[in-house]
1. How many residues, within the stretch 63-100, are out of contact with any helix residue (DSSP H, G or I) (no Cβ under 8 Å at 6 or more places or on another chain) and of a type in the set (Phe, Trp, Tyr)?
2. Do we have Ser28 as on the phi < 0 side of the Ramachandran plot, free of Cβ contacts under 8 Å to residues at least 60 places away in the same chain and small (Gly, Ala, Ser) here?
3. Leu51 - would you say it is over 26 Å from Asp109 (Cα atoms) and over 13 Å from the mean Cα position of the chain (by Cα)?
4. When you go through Ser103, Ser115 one by one, which is the residue that is surrounded by 10 or more Cβ atoms within 10 Å (Cβ to Cβ), assigned to a strand (DSSP E or B), of a type in the set (S, T, N, Q) and touching a helix residue (DSSP H, G or I) at 6+ places or on another chain (Cβ under 9 Å)?
5. Filter the stretch 87-98 for residues that are assigned to a strand (DSSP E or B) and either over 13 Å from the mean Cα position of the chain (by Cα) or more than 17 Å from Gly65 (Cβ to Cβ) (or both) and give the result.
6. Would you check which residues across the stretch 33-66 are part of a helix (DSSP H, G or I), in contact (Cβ under 8 Å) with a residue 24 or more places away in the chain and over 21 Å from Lys122 (Cβ atoms) and list them?
Amino acid sequence: MESMENIYINREIRIKEYFNAWINNNPSCLTTLFSSTITYTECYGPVYYGLEQINKWFLDWHLKGEVIVWDIKQFIHQEDTMVVEWYFECIYENSRDGFDGISLIKFDDSGKVLSLKEFQSKAEHYLPYAD
């Protein structure tokens, strides 16, 4: 039986591949990463059900946009759940935008992503009590 540490390392590698897929506009990892019954909730509202919708969204998004940065800050693991803290920056319809966020990811028994929910921190961060 594979150790939890190895399972967590494998998940991290696969999520890094997914983020890089967006930067490189290469959807080849989608079918091996996501369950056919995936539910993917974007941080600003859209929800995609199933691998077919994920593939369509990926291809449609890249017709209008380019991911510039999707940097991972940290991973947090608990059994079948992973939290990924990240910074995302893109150009979409000629407008550049960036924000901090997290992804709450649940894996199925076969190691595929069953559910992914994104959350963003859109407000500009500042220090109200800085000297």
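Each value in this text was obtained by applying a stated rule to the coordinates, not by laboratory testing. Because the structure is predicted, anything quoted here is derived from the model rather than measured. Here the Cβ is made from the backbone with ideal geometry for all residues, glycine too, and neighbour counts use every protein chain on show.
1. 3
2. yes
3. In short, no.
4. That would be Ser103, the only listed residue that is surrounded by 10 or more Cβ atoms within 10 Å (Cβ to Cβ), assigned to a strand (DSSP E or B), of a type in the set (S, T, N, Q) and touching a helix residue (DSSP H, G or I) at 6+ places or on another chain (Cβ under 9 Å).
5. Cys90, Ile91, Tyr92, Ser95, Arg96, Asp97, Gly98
6. Hits for the stretch 33-66 are Leu33, Ile54, Asn55, Phe58, Leu59, His62.
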